[in-house]
Amino acid sequence: MTNHLNVVGHPLPKVDAWDKVTGQTRFADDLVLPRTLYCKLLRSPWPHARIRGIDPHQAQALPGVFAVITGHDLPVKYGILPVSQDEEALALEKVRYVGDPVAAVAAADEQTAEEALNLIEVDYEPLPAIMSIEEALKRSDVPIHDYGDNRNVHKQVSLEFGDVDGGFAQADYVREDMFYFEGNTHLPLEQHSSMATFGPDGKLTIWSSTQTPHYLHRALEKTLGIPRAHIRVIATPNGGGFGGKSDPFNHEIIVCKLAIQTGRPVKITLTREEVFYAHRGRHPVLMWIKTGVKNDGRITAMDFKSFLDGGGYGSYGVASTYYTGALQTVTYDVPAYRFRGLRVFTNKPPCGPKRGHGTPQPRFALEVHLDKIAHDLGLDPYAMRRAHIVPDDSMTINQLHVTTNGLGQCLDAVVKASGWAEKRKPESAWRTTHTEQGEAARTLTSERGAGNATARPGAEKQPYSLPSPATRPRGIGLAGSSYISGAGLPIYWNNMPHSGVQIKIDRGGGVAVFCGSTDIGQGSDSVLAYIVAELLGIEPKDIRVITADTDLTPVDLGSYSSRVTLMTGNAAIEAATKLRKILFEVAAEKLRVPPESLSAKNRLITCEDDENRVLPFVEVVQMAEARHGTLGAVGSYTPAITHGKYKGSGVGPTPAYSYSACIAEITCDPETGEYTVDKLTLAHDTGKAINPLLVIGQVEGSAYMGLGEIMMEEQVFRKGLHKIPSMLDYKSPTTLETPEMSTILVETLDPNGPFGAKESGQGPLLPVIPAIANAIYDALGVRIDEVPATPEKILKALELKARHEEPRIGPKRIPDYAFPPPLKVPPLPLKVKEASPLVTR
């Protein structure tokens, strides 16, 4: 299917590019209806408190106020996961973080709504605030919720695959390490925004900047008591999501309730500070890893523990917990694996899925840990990884089916493109920059710090002399990674398709594609257009894509887990192939040739054996409509995946794993601890690039986000308050910090992907963070085993090195938590299920 492609595989403009660059795209906050009211939320000033009472009477009496509601008006709990239905649109009995909403106002304008909030009286009884993983485990006398696996433990997992203890006994070398990954947030340019209206026919419509209109649809039915058939959810174009708009949110439910109560449209746009409270960002995670290896670096056993700080509510947290342990096995062969993890509730904004959901934290730990092992054994970190990659069409020890694995090609590509072998040599001219009178100039050097990869075991603990102020050491670091191309199972268990596409062709040759997926900037609308254009032989601009409207489009589960290209793409192929068959049969009869001899391109249907036998696309459409009536078809996609049956086995399986590799080159200033990332060389196994230009954009956008996480981003709190809830104070990279990037696309043509495609929107972030951490060690001989790796931490590590102490900044211990005995899961033989037949309706 990938031979002689005319649209797929070519660098084309996005179908919404013209609207975006001319300002025609209408985001949620651009929408307004006649008689619109404006909503504001009253939020808790306490991280943890009981609500003794709320008095809204003064606010209700304020001119211009049309409604005030509290938790008693929306008492039904909801949540994205069936096992964590713990959220209330407005807190009813107690608040669980600073910013938890307790009341809502609908007024004629935002200023009046703000004034009304100040008139609402809330009587709080403050409770002790739990602000860390350690506190949550110690303070069982202060429960944040009344459910979970163990007081403030939301979820605990204990699994074992293979003979772990036996694997350690066979190892030539065993190493243990601890890591900490601070939480951070998505920081989309567009704030969350929603507008709802309730018609005289009793039907509700909401426009919202959501990534998951289908799941919002379900949550509204539950919380409002209105049948889904009477609710219409329209996901507006998202000005960035990155996972932060994947939950059903309280403000979405609230504006719907206020629209019902007032009979007028109600709109809300969160302030930037409120977006920090809505959060659902990266979990802070404390990790411990122990790995046994042979002298050549081959892994014999791995033991991994993770402790997640989940914030005040469940969100995707159960899945997040499993994800911190699921994907360690799909990159390098791990024959025996034990995973124990837990997620605790704390009195912070709830964490959830940020780009890479649950996997950047353990990937950081694993790749730095492997880098340490390579140095201890005197192995090239690249060669050690390259020799032990999971093969194609194999089953991992934790029962995940790897169809195609391009990690080896990715590693080869970045090593060659970056000059890895030469730059790692101690005598390389590249290794040190000298400065004279404040001006930097590159000179030769024969010196190198303790990051020498040829050092024997124990090299990391050798004393290290600080470089002179005139030198700027350079370092180079490498990491690999993997990610899913969509979750293999839906959030709620059912046997229905994960994605559906409907295509209509009108007699003028226009093609309309309907799908429930949401374009959040990643180009999913364009992918639909490219695939349908390829199969029907027309141009993408001949296609109108209508998406994310529950009244008009077939169900798609949403834009999360990098699922859209593979799942909606396959559904689009099925629908377009049905129409192509109809068109080819009609054209073949007219041209007096067999249908299989035909091809479609350039708006023509042509006989490949005789190019003089050709018909315009629009003419064939009219002939087909005359024979068959209105032309339309539907396609659906349900993953056919082999996976385990143990509890938790639903997290990790995917139709196809993508793979990435990154080499980071940095320059350090040992006087200040500051460092610059000079270049990132990236390679990504994308299966097949539907549009190489868009894939490169996704890879480099992911790398930029990873850069921010390792260098500066952190969501931190003091006395229950978010320290930096604004874009002025929450630091993220600008163009000044963004390095040169070189991106290489590796195509492995996965059999489960549309035209062989895999994901490219999240996976490329993962190796960037550990690659930079490894480069810091290579440059300075210090280990920063926590994220972010700030100049202050580097300086502190250099001071330790100068005092002949371990040159490492990171956690010293993990909680002494008694996990239950692990469930021992037997191996699963590889037996791939056949895809179930899909029926046209």
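The one condition from (1) under 14 Å from His684 (Cα atoms); (2) more than 23 Å from the chain's Cα centre (by Cα) that Gln762 does not meet is (2). Taking strands (runs of 3 or more DSSP E) as the structural unit, those lying wholly within region 424-500 and holding at least 3 residues that are touching a helix residue (DSSP H, G or I) at 6+ places or on another chain (Cβ under 6 Å) and modelled with pLDDT of 50 or more correspond to 471-484.
Inside region 87-111, can you point out the residues that are among the hydrophobic types (A, V, I, L, M, F, W, C) and surrounded by 20 or more Cβ atoms within 10 Å (Cβ to Cβ)?
Within region 87-111, Ala89, Leu90, Ala91, Val95, Val98, Val102, Ala103, Ala104, Val105, Ala106, Ala107 qualify.
Go through the residues of region 138-149 one by one and say whether even a single one is within 18 Å of Tyr322 (Cβ to Cβ), in contact with an Asp or Glu (Cβ under 7 Å, 6 or more places away or on another chain) and either buried (at least 16 other Cβ atoms within 10 Å of the Cβ) or without any contact (Cβ under 8 Å) to a residue 60 or more places away in the chain (or both). Within region 138-149, none of the residues are within 18 Å of Tyr322 (Cβ to Cβ), in contact with an Asp or Glu (Cβ under 7 Å, 6 or more places away or on another chain) and either buried (at least 16 other Cβ atoms within 10 Å of the Cβ) or without any contact (Cβ under 8 Å) to a residue 60 or more places away in the chain (or both). Can you confirm whether region 646-665 contains a residue that is basic (Lys, Arg), touching a residue at least 24 places away in the same chain (Cβ under 8 Å) and within 19 Å of Cys410 (Cβ to Cβ)? Looking through region 646-665, none of the residues is basic (Lys, Arg), touching a residue at least 24 places away in the same chain (Cβ under 8 Å) and within 19 Å of Cys410 (Cβ to Cβ). Total residues in region 112-137 satisfying the condition of being within 17 Å of Lys348 (Cα to Cα) and open to solvent by 20 Å² or more (accessible area, probe 1.4 Å): the figure is 9. In this structure, is Asp333 over 20 Å from Glu182 (Cα atoms) and either open to solvent by 10 Å² or more (accessible area, probe 1.4 Å) or within 23 Å of the chain's Cα centre (by Cα) (or both)? For Asp333, the condition - over 20 Å from Glu182 (Cα atoms) and either open to solvent by 10 Å² or more (accessible area, probe 1.4 Å) or within 23 Å of the chain's Cα centre (by Cα) (or both) - is met. Only residues that are open to solvent by 20 Å² or more (accessible area, probe 1.4 Å) and either assigned to a loop (DSSP other than H, G, I, E, B) or farther than 14 Å from Asp73 by Cβ (or both) were counted across region 257-266, and they come to 2.
Which residues, taken from region 502-557, are of a type in the set (S, T, N, Q) and either farther than 29 Å from His186 by Cα or open to solvent by 10 Å² or more (accessible area, probe 1.4 Å) (or both)? Once the filter is applied, which keeps residues that are of a type in the set (S, T, N, Q) and either farther than 29 Å from His186 by Cα or open to solvent by 10 Å² or more (accessible area, probe 1.4 Å) (or both), region 502-557 yields Gln502, Gln522, Thr547, Thr550, Thr553. Report whether or not Gly687 is modelled with pLDDT under 95 and open to solvent by less than 10 Å² (accessible area, probe 1.4 Å). No, not satisfied.
Close contacts from region 97-115, counting a first residue that is in the same structural domain as Thr70 (by TED's automatic domain parsing) and touching a residue at least 12 places away in the same chain (Cβ under 8 Å) and a second that is surrounded by 22 or more Cβ atoms within 10 Å (Cβ to Cβ) and basic (Lys, Arg), with Cβ to Cβ under 7 Å and a gap of 6+ residues or different chains, come to Tyr97/Lys348; Val105/Lys40; Glu110/Lys40; Ala113/Lys40; Glu114/Lys40. Looking at region 65-82, is at least one residue in a helix (DSSP H, G or I) and without any contact (Cβ under 8 Å) to a residue 40 or more places away in the chain? So far as region 65-82 goes, yes, one or more of its residues are in a helix (DSSP H, G or I) and without any contact (Cβ under 8 Å) to a residue 40 or more places away in the chain. For region 571-603, filtering for residues that are in contact with a Pro (Cβ under 6 Å, 6 or more places away or on another chain) and either on the phi > 0 side of the Ramachandran plot or open to solvent by 30 Å² or more (accessible area, probe 1.4 Å) (or both) leaves 1.
Elements of the type strands (runs of 3 or more DSSP E) sitting completely within region 603-667 and holding at least 2 residues that are of a type in the set (Val, Ile, Thr) and closer than 21 Å to Arg563 by Cα: there are none. Screening Gly325, Gly314, Gly356, Gly352 for residues that are of a type outside the set (A, V, I, L, M), within 16 Å of Tyr483 (Cβ to Cβ), part of a loop (DSSP other than H, G, I, E, B) and in contact (Cβ under 8 Å) with a residue 60 or more places away in the chain leaves exactly one candidate, Gly356. Of the residues making up region 764-791, just one is farther than 20 Å from Ser732 by Cα, part of a loop (DSSP other than H, G, I, E, B) and either open to solvent by 10 Å² or more (accessible area, probe 1.4 Å) or aliphatic (A, V, I, L, M) (or both), namely Val782.
Quick check: is even one residue across region 644-659 among the aromatic types (Phe, Trp, Tyr), surrounded by fewer than 23 Cβ atoms within 10 Å (Cβ to Cβ) and closer than 21 Å to Tyr316 by Cβ? So far as region 644-659 goes, yes, one or more of its residues are among the aromatic types (Phe, Trp, Tyr), surrounded by fewer than 23 Cβ atoms within 10 Å (Cβ to Cβ) and closer than 21 Å to Tyr316 by Cβ.
Tell me, please, whether a residue that is surrounded by fewer than 21 Cβ atoms within 10 Å (Cβ to Cβ), among the polar types (S, T, N, Q), in contact with a Leu (Cβ under 7 Å, 6 or more places away or on another chain) and not assigned by TED's automatic domain parsing to the domain that holds Ala196 can be found in region 292-308.
Yes: region 292-308 contains one or more residues that are surrounded by fewer than 21 Cβ atoms within 10 Å (Cβ to Cβ), among the polar types (S, T, N, Q), in contact with a Leu (Cβ under 7 Å, 6 or more places away or on another chain) and not assigned by TED's automatic domain parsing to the domain that holds Ala196.
The values are calculated or read from the model by the stated rules, or taken from the named source; none is laboratory data. Worth saying up front: this structure is predicted, and the values here are computed from it rather than measured. Positions of Cβ are backbone-derived with ideal geometry, glycine not excepted, and every protein chain shown enters the neighbour counts. Heads up: the accessible areas ignore ligands, DNA and RNA and are worked out on the full protein's heavy atoms, side chains in. Shrake-Rupley method; radii C 1.70, N 1.55, O 1.52, S 1.80 Å.
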